[in-house]
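Peer 1: Mind looking over this structure? Questions follow.
The values are calculated or read from the model by the stated rules, or taken from the named source; none is laboratory data. Because the structure is predicted, anything quoted here is derived from the model rather than measured. Glycine gets a Cβ as well: all are built from the backbone with ideal geometry, and neighbour counts include every protein chain shown. We work out accessible area using only protein heavy atoms, side chains counted, and drop any ligands, DNA or RNA first. Shrake-Rupley method; radii C 1.70, N 1.55, O 1.52, S 1.80 Å.
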Amino acid sequence: MVGAIKAAIGDAVLTFMWIFCASTLGAVTAVLSTAFGVNGLVWPSLFITTVLVFILVIVFTFVGDLLGGASFNPTGTAAFYAVGVGSDTLFSMALRFPAQAFGAVAGALAIKEVMPENYKHMLGGPSLKVDLHTGAIAEGVLTFLITFAVLLIILKGPRNSVFKTWLLAVATVTMVVAGSSYTGPSMNPANAFGWAYVNNWHNTWDQFYVYWICPFIGALCAAWFFRALYPPQIKQKKPKMA
């Protein structure tokens with residue numbers, strides 16, 4: 001009980017920090033692109049964004065460890081539980097998911113208050129740019145792909161932590177670009193909820209269907225697919241001596 005509450009508090013804090021920081025990626029990329037003279041060029045800008053995500057992942061991995069293994073993505077928490085990694089239970093996740101959503105709302109509200117006026121148009125979070133069912137499928141497929149990539153990189157990837165983090169950053173930016181004309185995308189229900197709350201559509205069926213139900217389905221399918229490819233090793237008991 002106490003451990004689950006601590007995990008939920010850690011998640012709320014980390015999610016607040018993640019939404020606050022990640023929401024500035026567009027603005028910081030624009031500033032750096034202008035400074036380096038590559039503003040308007042797609043590939044250099046994407047490289048800058050990837051480097052920024054790489055730095056964020058390093059920092060938030062460290063902070064998450066300090067907070068006892070905190071997470072800012074409900075689908076990631078569910079996927080690692082389905083794979084059998086970690087100490088989560090259904091009860092602890094029932095506390096962690098609302099905490100992550102609360103942290104996302106606080107982070108979105110905070111960054112909207114302090115973001116300079118000339119960059120506020122870059123805020124807003126994921127939004128549905130296609131019809132409802134196409135968006136739902138896109139969000140589910142993208143979450144499946146990013147979740148499987150994260151599981152593969154973290155659990156079966158290179159031992160070098162820096163290279164592993166770089167692969168996570170590349171995978172994240174790739175999925176975001178792939179889904180930019182569909183759902184934003186989010187691939188993180190807490191992130192989507194935070195911005196939906198700010199924009200007053202958090203309690204709609206569209207938001208729940210596209211950004212909660214389908215991402216969870218995609219993440220769990222990715223976890224089950226991962227387990228099918230890499231079944232957990234069962235330790236054989238030594239035969240008892242007669």
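Peer 1: I need the helices (runs of 4 or more DSSP H) fully contained in segment 1-106, keeping only those with at least 1 residues that are out of contact with any helix residue (DSSP H, G or I) (no Cβ under 8 Å at 6 or more places or on another chain) and at pLDDT below 95.
Peer 2: Details: elements: 2-22, 25-35, 42-66, 74-83.
Where helices (runs of 4 or more DSSP H) fall fully within segment 1-106 and carry at least 1 residues being out of contact with any helix residue (DSSP H, G or I) (no Cβ under 8 Å at 6 or more places or on another chain) and at pLDDT below 95, they are 2-22, 25-35, 42-66.
Peer 1: To continue, here is another question. Between A171, A149, A136, A223, which is at pLDDT 95 or above and touching a Ser or Thr at 6+ places or on another chain (Cβ under 8 Å)? Reasoning before the result, please.
Peer 2: On the way: A171 fails: touching a Ser or Thr at 6+ places or on another chain (Cβ under 8 Å); A149 fails: touching a Ser or Thr at 6+ places or on another chain (Cβ under 8 Å); A136 fails: touching a Ser or Thr at 6+ places or on another chain (Cβ under 8 Å).
On inspection, the qualifying residue turns out to be A223.
Peer 1: Say whether the condition of being open to solvent by less than 30 Å² (accessible area, probe 1.4 Å), hydroxyl-bearing (S, T, Y) and not in a helix (DSSP H, G or I) is met by at least one residue in segment 137-159.
Peer 2: no
Peer 1: Would you confirm whether any residue within segment 136-154 is among the acidic types (D, E) and more than 25 Å from I48 (Cα to Cα)?
Peer 2: Within segment 136-154, the first condition is being among the acidic types (D, E), and the residues that meet it are 139.
Next, from what is left, pick out any that are more than 25 Å from I48 (Cα to Cα): none.
No, segment 136-154 contains no residue that is among the acidic types (D, E) and more than 25 Å from I48 (Cα to Cα).
Peer 1: On to the next question. What do you reckon, is P231 out of contact with any Cys (no Cβ under 8 Å at 6 or more places or on another chain) and either basic (K, R) or crowded, with 16+ Cβ neighbours inside 10 Å (or both)?
Peer 2: no
Peer 1: Would you point out the residue of segment 163-181, among those that are assigned to a helix (DSSP H, G or I) and out of contact with any helix residue (DSSP H, G or I) (no Cβ under 8 Å at 6 or more places or on another chain), that is surrounded by the most Cβ atoms within 10 Å (Cβ to Cβ)?
Peer 2: Taking the candidates together, the pick is V176.
Peer 1: Among the residues in segment 110-118, are any crowded, with 18+ Cβ neighbours inside 10 Å, part of a helix (DSSP H, G or I) and touching a residue at least 12 places away in the same chain (Cβ under 8 Å)? Spell out how you get there, then give the answer.
Peer 2: So the first thing to find is which residues in segment 110-118 are crowded, with 18+ Cβ neighbours inside 10 Å, and the list is 111.
Those still in the list that are part of a helix (DSSP H, G or I) too: 111.
Right, trim to touching a residue at least 12 places away in the same chain (Cβ under 8 Å) and you get 111.
Yes, there is a match, as at least one residue in segment 110-118 is crowded, with 18+ Cβ neighbours inside 10 Å, part of a helix (DSSP H, G or I) and touching a residue at least 12 places away in the same chain (Cβ under 8 Å).
Peer 1: Can you pull out every residue in segment 2-33 that is without any contact (Cβ under 8 Å) to a residue 60 or more places away in the chain and either open to solvent by less than 30 Å² (accessible area, probe 1.4 Å) or over 20 Å from I55 (Cα atoms) (or both)?
Peer 2: Result: V2, T29, S33.
Peer 1: Next question. Could you list, in sequence order, the residues of segment 47-58 that are without any contact (Cβ under 8 Å) to a residue 12 or more places away in the chain and closer than 11 Å to T165 by Cα? Write out each step before concluding.
Peer 2: Filtering segment 47-58 down to residues without any contact (Cβ under 8 Å) to a residue 12 or more places away in the chain leaves 47, 55.
Within segment 47-58, just I55 meets the criteria.
Peer 1: Taking the conditions exactly as written (on the phi > 0 side of the Ramachandran plot and within 16 Å of the chain's Cα centre (by Cα)), does G69 satisfy them or not? Give the derivation first.
Peer 2: Values: on the phi > 0 side of the Ramachandran plot: yes; within 16 Å of the chain's Cα centre (by Cα): yes.
Yes, satisfied.
Peer 1: Take P126 and tell me if it is more than 19 Å from the chain's Cα centre (by Cα) and either surrounded by fewer than 18 Cβ atoms within 10 Å (Cβ to Cβ) or within 26 Å of L220 (Cβ to Cβ) (or both). Working first, answer last.
Peer 2: Details: more than 19 Å from the chain's Cα centre (by Cα): no; either surrounded by fewer than 18 Cβ atoms within 10 Å (Cβ to Cβ) or within 26 Å of L220 (Cβ to Cβ) (or both): yes.
Spelling it out, it is not the case that P126 is more than 19 Å from the chain's Cα centre (by Cα) and either surrounded by fewer than 18 Cβ atoms within 10 Å (Cβ to Cβ) or within 26 Å of L220 (Cβ to Cβ) (or both).
Peer 1: While we're here: Name every residue in segment 194-208 that is part of a helix (DSSP H, G or I) and either out of contact with any Gly (no Cβ under 9 Å at 6 or more places or on another chain) or farther than 30 Å from F16 by Cβ (or both), in order of residue number. I'd like the intermediate steps shown before the answer.
Peer 2: At the first step, the residues of segment 194-208 found to be part of a helix (DSSP H, G or I) are 194-198, 205-208.
Y197, W205, Q207, F208, listed by residue number.
Peer 1: Do you know which residues across segment 9-18 are under 16 Å from the mean Cα position of the chain (by Cα) and of a type outside the set (D, E, K, R)?
Peer 2: As a first pass, look at segment 9-18 and keep what is under 16 Å from the mean Cα position of the chain (by Cα): 10-18.
Across segment 9-18, the qualifying residues are G10, A12, V13, L14, T15, F16, M17, W18.
Peer 1: Right, here's the next one. Taking the stated definitions as given, is P185 open to solvent by less than 60 Å² (accessible area, probe 1.4 Å) and not in a helix (DSSP H, G or I)?
Peer 2: Working: open to solvent by less than 60 Å² (accessible area, probe 1.4 Å): yes; not in a helix (DSSP H, G or I): yes.
Against the criterion (open to solvent by less than 60 Å² (accessible area, probe 1.4 Å) and not in a helix (DSSP H, G or I)), P185 qualifies.
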